[in-house]
Amino acid sequence: MQLMKKNFKVLLLAVFVAAASCSFTTKSFDNPEKDKLLIDLVTYVLEKGHYDAPPIDDAFSMAVYTKFIDGVDPIKRYFLAQDIQEFEQYKLQIDDQLKMKDLSFFNLVYDRLVLRMEESKKIYQNALSTPFDYTKDESINVDYDASSYANNKKELQARWRKQLKFSTISTYYDFLQEKQTVEKRKAEALKQSKQYIATVNEDLTDTQLEEKSRASTQTNLEEYYDFTDDLQRKDYFAIFLTTIVEQFDPHTNYMAPPDRDRFDQRMSGKLEGVGARLQKKKDYINVIEVISGGPAWRGEHVEVGDILLKVRQEDELEPVSIVGMRIDDAVKLIKGPKGSKVILTVKGVDGSIREEIITRDVVELEETYAKSTIIGKQDNTYGLINLPAFYFNMQNYKERNAATDIKKEILSLKKEGIEGLVLDLRNNGGGSLRTAVDIAGLFIKEGPVVQVASSDGTKDVLEDKDAAIIWDGPLVILVNELSASASEILAAAMQDYKRAIIIGSKQTYGKGTVQNVVDLNRWLRKNDQGDMGALKLTTQKFYRVNGGSTQLEGVKSDVVMPDRYSYFDVGERDYDNPLPYDKITPASFQLWEGYIDYQTTIDKSRERIAQNNQLKLIEQNALYIKERRDQMDVTLNLTGYTAQIDENKQAVNKFDSLDTYDNKLSYRSLPDELVLMREDTTLVEKRKRWHKNLTKDVYLEEAISVLQDLKLANINNGNTPKLKN
């Protein structure tokens with residue numbers, strides 16, 4: 001999050017800018033060995049610059065030990081129990097080694113990993129040389145955290161066999177399903193008088209299909225090892241450094257030179273590929289954000305929580321498995337020239353597996369900007385503003401930013417006579433702090449919006465200093481578990497002032513910290529070691545005007561509505577080593593007195609929600625998804641595997657009505673946008689699709705009902721907005 005206020009420059013002046021000349025410390029970084037130099041640099045910067053640096057002690061050592069070994073062998077298919085016993089001598093020594101720049105632990109683990117990975121090549125080749133017996137009644141438990149390491153190579157071979165069978169059974173199943181649908185496709189082609197195009201596999205026997213499935217798994221593994229064989233010691237050392245710095249908090253990261261380049265590219269707003277942010281958890285590549293305006297978003301190909309299993313290029317017949325692959329290597333396969341196609345095998349949040357064909361493109365930045373629509377309900381008119389991010393121009397804040405755009409949208413909506421306003425911050429991961437403060441100022445008179453604490457104990461209060469109120473009518477803010485950072489600051493301020501009613505998930509994401517990126521090269525007077533990379537570290541913490549932190553607890557909705565993410569591990573609290581929740585002294589602020597029946601309105605909304613059948617179905621769907629994701633035992637018997645998939649399909653079918661819901665609201669674009677649509681057919685299609693999705697939105701339906709209640713409360717009490725102490 002970018003800090004634009006002058007008082008936030010204190011930290012940069014005191015620590016990071018001074019670091020360029022090393023003038024504030026006598027410490028020198030002159031070790032000629034690059035790895036030891038990096039250790040020295042990183043640990044020093046963390047201890048001096050981190051907001052709440054933990055002690056580098058035995059507890060720290062144990063955490064690094066566990067995390068690093070889990071990181072390089074997440075599904076326990078390389079190391080043996082005897083290796084772990086040998087590693088354990090360093091369990092409480094890593095902290096001391098860091099201070100002495102001793103790399104004995106890293107060197108031992110790295111050398112053993114290289115050896116075991118080389119040995120594993122023979123294991124997987126032998127396992128895939130003979131057919132799997134899919135009539136055998138056996139299963140695999142994919143909760144690798146709970147499993148122990150193999151005691152010997154015989155046990156390790158048995159583990160590999162099961163894992164390879166698990167990887168192969170899905171391909172074999174797909175081949176068999178494809179074969180079964182051949183006659184249906186032939187009949188359909190004949191019925192429509194179209195040429196029937198034979199598939200590659202339809203004339204193969206089941207035995208041949210099984211053999212081809214194993215060959216596909218072997219090809220995937222060979223390509224995986226091609227990637228890992230290209231990795232150098234420095235790549236694994238970067239993983240080790242990342243493991244160390246992530247013990248400080250989840251948002252503190254070491255960025256090796258290529259990673260820093262990608263970070264800089266993201267900050268510039270130039271996003272290419274399919275338009276999805278990915279993260280590796282254990283052995284799987286997870287979708288953690290779908291970039292608004294990108295190809296994946298436009299085609300509704302993936303959603304947050306999906307897992308990417310395989311990647312196939314449009315000119316290739318067989319996909320490449322990315323399970324177990326480094327995320328950088330997986331991204332290389334997914335990215336490609338604009339206009340080319342990539343085929344992704346996706347495991348949905350409900351457990352279903354599907355293929356998605358995505359045409360690569362450049363993310364359309366216009367879709368990341370605020371947009372609005374006019375909502376009609378009976379004879380009443382309301383406004384909706386959707387804000388995907390708190391954006392701003394890094395070179396010139398005044399040129400374009402989220403706050404000025406929101407102001408324009410409000411003024412346009414007011415011309416249309418809206419009686420209430422909904423601000424949609426769902427899936428908004430944050431951005432510029434200054435825009436959050438400026439947007440808050442559109443709804444309140446002067447006053448504090450957020451408090452910011454630094455590691456030196458200083459506290460800054462960021463205030464709205466403009467007495468003008470652009471919208472003084474009823475206001476509802478929509479949030480969910482993915483509303484984070486600046487979204488939480490704005491929602492929290494409006495909740496504390498009792499200016500808006502917050503509707504959505506039980507709580508928002510819970511990210512109440514700010515990070516800065518430090519170029520490690522700036523600490524060196526003379527550097528013959530090449531690019532040292534950068535360190536992104538947490539330097540400050542946010543607090544609400546009521547004194548509570550948004551860290552971990554986020555913002556708790558006034559009106560809680562279930563959604564499909566209700567039981568997902570997507571918040572700050574679900575990561576390792578998050579900073580704690582705490583409180584500071586409240587700021588002095590005045591409550592909004594626009595709604596006499598504020599609590600009564602909330603109570604009425606909760607009563608409606610308790611009776612809403614659509615929300616009950618959403619809750620059931622969320623529970624079903626949780627059950628599916630918690631299911632760790634997977635059968636490797638083909639009959640049982642097929643039955644399990646059929647059962648899942650039937651279970652999913654009962655939730656089909658979620659996509660056909662109609663909230664009976666009408667939507668139309670603003671006059672200025674209608675003028676643009678006359679020359680921009682793409683914009684017409686975008687808004688048509690947006691409005692279609694809004695008709696299915698039960699959360700928006702409730703938001704409009706709340707606005708109606710707030711409006712009636714004002715009318716019945718003869719009230720006009722004013723302030724009280």
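The values are calculated or read from the model by the stated rules, or taken from the named source; none is laboratory data. Everything numeric in this text was worked out from a predicted model, so none of it was measured. A quick note on method: Cβ atoms are made from the backbone with ideal geometry, for glycine too, and the neighbour counts reach across all protein chains shown.
Summary table
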item	result
Matching option when the condition is under 22 Å from SER148 (Cβ atoms) and assigned to a helix (DSSP H, G or I), among ASP96, ASP70	ASP70
Options ASN719, ASN637, ASN693; residue that is modelled with pLDDT under 90 and either under 22 Å from GLY420 (Cα atoms) or assigned by TED's automatic domain parsing to the domain that holds LEU411 (or both)	ASN719
Considering residues of segment 532-581 that are farther than 27 Å from PRO54 by Cβ and hydroxyl-bearing (Ser, Thr, Tyr) only, the residue modelled with the lowest pLDDT	TYR565
Any hit, segment 637-647, residues being over 17 Å from ILE353 (Cα atoms) and surrounded by 15 or more Cβ atoms within 10 Å (Cβ to Cβ)	yes
Qualifying residue in segment 162-176 (condition: of a type in the set (Ser, Thr, Tyr), surrounded by 11 or more Cβ atoms within 10 Å (Cβ to Cβ), part of a loop (DSSP other than H, G, I, E, B) and modelled with pLDDT of 90 or more)	no
SER454 vs. criteria of a type in the set (S, T, N, Q) and in contact with a Lys or Arg (Cβ under 9 Å, 6 or more places away or on another chain)	yes
Residue selected from segment 60-81 under the condition farther than 19 Å from ASP143 by Cβ and more than 27 Å from the chain's Cα centre (by Cα), by the criterion surrounded by the most Cβ atoms within 10 Å (Cβ to Cβ)	SER61
Matching residues, segment 328-357, being assigned to a helix (DSSP H, G or I), surrounded by fewer than 14 Cβ atoms within 10 Å (Cβ to Cβ) and touching a residue at least 40 places away in the same chain (Cβ under 8 Å)	none
Neighbours by Cβ (under 6 Å, 6+ apart or cross-chain): first from segment 218-235, assigned to a helix (DSSP H, G or I); second not acidic (Asp, Glu)	GLN218/LEU128; ASN220/VAL320; ASN220/SER321; LEU221/TYR124; GLU223/VAL320; TYR224/MET325
From THR135, THR130, residue being in contact (Cβ under 8 Å) with a residue 12 or more places away in the chain, loosely packed, with under 12 Cβ neighbours inside 10 Å and in a loop (DSSP other than H, G, I, E, B)	THR135
Strands (runs of 3 or more DSSP E) enclosed by segment 414-464 - at least 1 residues per element that are over 29 Å from LEU712 (Cβ atoms), touching a residue at least 40 places away in the same chain (Cβ under 8 Å) and hydroxyl-bearing (Ser, Thr, Tyr)	447-454
Test: residue in segment 463-476 that is under 24 Å from the mean Cα position of the chain (by Cα) and either modelled with pLDDT under 95 or not assigned by TED's automatic domain parsing to the domain that holds GLN515 (or both)	no
Filtered residues of segment 555-570 (kept if crowded, with 18+ Cβ neighbours inside 10 Å and touching a strand residue (DSSP E or B) at 6+ places or on another chain (Cβ under 7 Å))	VAL555, SER557, ASP558, VAL559, MET561
Tally, over segment 358-385, of residues that are in a loop (DSSP other than H, G, I, E, B) and in contact with a Lys or Arg (Cβ under 7 Å, 6 or more places away or on another chain)	1
Residue in segment 439-484 that is farthest from ASP52 (Cα to Cα), counting only those that are surrounded by fewer than 24 Cβ atoms within 10 Å (Cβ to Cβ) and among the hydroxyl-bearing types (Ser, Thr, Tyr)	THR458
Subset of segment 485-497 (residues that are modelled with pLDDT of 95 or more and either in a loop (DSSP other than H, G, I, E, B) or out of contact with any Leu (no Cβ under 8 Å at 6 or more places or on another chain) (or both))	GLU488, ALA492, ALA493, GLN495, ASP496, TYR497
Residue match in segment 451-464 (condition: closer than 30 Å to LEU38 by Cα and charged (D, E, K, R))	yes
From GLN157, GLN125, residue being more than 33 Å from the chain's Cα centre (by Cα), surrounded by 15 or more Cβ atoms within 10 Å (Cβ to Cβ) and not charged (D, E, K, R)	GLN157
Qualifying positions in segment 285-303 - surrounded by fewer than 20 Cβ atoms within 10 Å (Cβ to Cβ) and within 25 Å of ASP70 (Cβ to Cβ)	ASN286, ILE288, GLU289
Scope segment 391-435; condition farther than 20 Å from ARG668 by Cβ and of a type in the set (Ser, Thr, Tyr); matching residues	TYR391, TYR397, THR404, SER432, THR435
Tally, over segment 567-592, of residues that are among the aromatic types (Phe, Trp, Tyr) and part of a helix (DSSP H, G or I)	0
Residue check for TYR595: part of a loop (DSSP other than H, G, I, E, B), surrounded by fewer than 18 Cβ atoms within 10 Å (Cβ to Cβ), touching a Ser or Thr at 6+ places or on another chain (Cβ under 9 Å) and aromatic (Phe, Trp, Tyr)	no
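Here is a yes/no grid of residues against (1) in contact with a Lys or Arg (Cβ under 9 Å, 6 or more places away or on another chain); (2) over 30 Å from ASP174 (Cα atoms); (3) not assigned by TED's automatic domain parsing to the domain that holds ILE353:
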residue: LYS649; (1), (2), (3): no, no, yes
residue: PHE655; (1), (2), (3): no, no, yes
residue: LEU658; (1), (2), (3): yes, no, yes
residue: LEU670; (1), (2), (3): yes, yes, yes
residue: VAL675; (1), (2), (3): no, yes, yes
residue: ARG689; (1), (2), (3): yes, yes, yes
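Residue-wise test of (1) touching a Gly at 6+ places or on another chain (Cβ under 9 Å); (2) in contact (Cβ under 8 Å) with a residue 60 or more places away in the chain.
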{"residue": "ALA610", "(1), (2)": "no, no"}
{"residue": "ASP633", "(1), (2)": "no, yes"}
{"residue": "LYS649", "(1), (2)": "no, yes"}
{"residue": "THR660", "(1), (2)": "no, no"}
{"residue": "ASP672", "(1), (2)": "no, yes"}
{"residue": "TYR699", "(1), (2)": "yes, yes"}
{"residue": "ALA703", "(1), (2)": "yes, yes"}
{"residue": "ASP709", "(1), (2)": "no, yes"}
